[in-house]
Structures are given as C-alpha cells and as structure tokens.
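The values are calculated or read from the model by the stated rules, or taken from the named source; none is laboratory data. Note that the structure is predicted; figures quoted are calculated from it, not measured. Positions of Cβ are generated from backbone atoms using ideal geometry, with glycine treated the same way; all protein chains shown enter the neighbour counts.
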Amino acid sequence: MASIGTSWNSPKGIRTFVGPVPLRGGETMLGIRTGDSRIFQLFHTEAEIEQEIRRDTVSVEVDARIKAEKEAAAATYVNQRANLDRFIAQFPQLAGAKANAALTKKVMWSGVYIPRHEHVEQRVAQGWHVETTPKGERRFYGPDGRFLTEKDTSKIALDYAEFLRAGPRAGGKRRHAVPSLSAQAEELRKALRK
C-alpha cells in the first residue's frame, strides 16, 4: 500500500502520492503529482495508485535497459568503425576513399542487406581466414571448409579480412605509404648519379 508522500521515478519525472484531493461537489479522489506541478492525476482507489507505481517502475527499468543496449551497440559500432578506419588509413587518400566506399557498400548476404565490412567482420569472428591456392587465387575459407573467392566478395574485402586476422597492431603503418617529397628528391638524385 502506498502511503501519502511516497515518491518514485517515472518516465515523466519524479511522482508523488499526495493523498485525497478535494473536488467540486464535495467528492474526493486520490491524486498523484508529477514534479512540482500543481496538476494532479486522479484515481478512485489505492489499488489504481499501486498499479500506476508498478507501471512507472517497469517503464523506468525498460527505458534503462533500452538505453544500456543502445550504448552497447554504439560502443560496438565505434569499435568496428575503428577497425575499418585503421584499415583505410593504410592507403593514400584516394585509394582509402575507394576502399571505404567498397567496404561500406551494402550487399545481400543470407537474405539481408549489410555493409560488406560487417559481413567480413562477422565471418572473421566465426573463424574464417584467407588462403592462397597453388594457382595464386585467394580464397576466404570458413572453419567448415566452405570458401568465397574474390569474385564472391571483393579484393578489398579479402584484404580487410587479412587485416582483421592480423590483429589490432597491424594497422600501425601505412601499407601503401607515399614517400615524402624530400625522400622522392633524394631517390631521384641517387638515380641521376648512377
């Protein structure tokens, strides 16, 4: 039983059971006030008040759970995007833009459209890896022996899979680094001296 002055959290804010509220005509009803408002939500019985308290409590718990799930999903997305950004940072600007476009393009896998990089990340998490055949073809092999070729995914997707399998420290240096102008000039001088 809720006693007069009982307060609880609700999606609308802190609510308080204020007790009987006199109405015109001499009738009284039980009232709940939200925050500092002078407006009351009126109920006939204390059972209705108890039901309202339970409803508000459950709503607050559900809202907190949804918020936590959204924050966890956002953190996962940031982590996934960090892997993708580290991979793309290995390339010169134009090549990086092309790699980003190819990996963020949505493709259909198992009847669902998802970005290509998410597909690769899911497969790598399941134990898939890239191997080169004796003929020089690269294949994306699953733990059960199934495989995808470059034609099934893309060359950049297989490069990204290899990057993910190499681990988080693999993205430290540019794979296709462009030498500075002074380094290019020094190489040209050496070539001209010969």
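Would you mind finding the one in Phe87, Phe91 that is closer than 24 Å to Gly167 by Cβ and part of a loop (DSSP other than H, G, I, E, B)?
Only one candidate qualifies: Phe91.
Does at least one position in region 122-136 carry a residue that is part of a helix (DSSP H, G or I) and surrounded by fewer than 18 Cβ atoms within 10 Å (Cβ to Cβ)?
Filtering region 122-136 for residues part of a helix (DSSP H, G or I) gives 122-125.
Among the residues that remain, those that are also surrounded by fewer than 18 Cβ atoms within 10 Å (Cβ to Cβ) are: 122, 125.
Within region 122-136 (the criterion being part of a helix (DSSP H, G or I) and surrounded by fewer than 18 Cβ atoms within 10 Å (Cβ to Cβ)), the answer is yes, since at least one residue qualifies.
Is it true that Pro11 is in contact (Cβ under 8 Å) with a residue 24 or more places away in the chain and surrounded by fewer than 12 Cβ atoms within 10 Å (Cβ to Cβ)?
Against the criterion (in contact (Cβ under 8 Å) with a residue 24 or more places away in the chain and surrounded by fewer than 12 Cβ atoms within 10 Å (Cβ to Cβ)), Pro11 qualifies.
Is one or more of the residues making up region 21-36 more than 30 Å from Leu158 (Cβ to Cβ), in contact (Cβ under 8 Å) with a residue 24 or more places away in the chain and over 28 Å from the mean Cα position of the chain (by Cα)? Break it down into steps so the answer makes sense when it comes.
At the first step, the residues of region 21-36 found to be more than 30 Å from Leu158 (Cβ to Cβ) are 21-36.
Remaining after also requiring in contact (Cβ under 8 Å) with a residue 24 or more places away in the chain: 34.
Among the residues that remain, those that are also over 28 Å from the mean Cα position of the chain (by Cα) are: 34.
Yes, region 21-36 contains a residue that is more than 30 Å from Leu158 (Cβ to Cβ), in contact (Cβ under 8 Å) with a residue 24 or more places away in the chain and over 28 Å from the mean Cα position of the chain (by Cα).
Out of (1) of a type outside the set (D, E, K, R); (2) touching a helix residue (DSSP H, G or I) at 6+ places or on another chain (Cβ under 8 Å); (3) surrounded by 15 or more Cβ atoms within 10 Å (Cβ to Cβ), what's the single condition that is false for Ala89?
Unmet for Ala89, out of (1) of a type outside the set (D, E, K, R); (2) touching a helix residue (DSSP H, G or I) at 6+ places or on another chain (Cβ under 8 Å); (3) surrounded by 15 or more Cβ atoms within 10 Å (Cβ to Cβ): (3).
Output the residue which, of all residues in region 68-107 that are among the β-branched types (Val, Ile, Thr) and under 13 Å from the mean Cα position of the chain (by Cα), is nearest to Val124 (Cα to Cα).
Among those that are among the β-branched types (Val, Ile, Thr) and under 13 Å from the mean Cα position of the chain (by Cα), it is Thr76.
Do you know which residues across region 34-65 are outside any helix (DSSP H, G or I) and charged (D, E, K, R)?
Answer for region 34-65, where residues must be outside any helix (DSSP H, G or I) and charged (D, E, K, R): Asp36, Arg38.
In region 77-131, how many are of a type in the set (Ser, Thr, Tyr) and either closer than 18 Å to Glu150 by Cβ or not assigned by TED's automatic domain parsing to the domain that holds Glu162 (or both)?
Of the residues in that region, 1 qualify.
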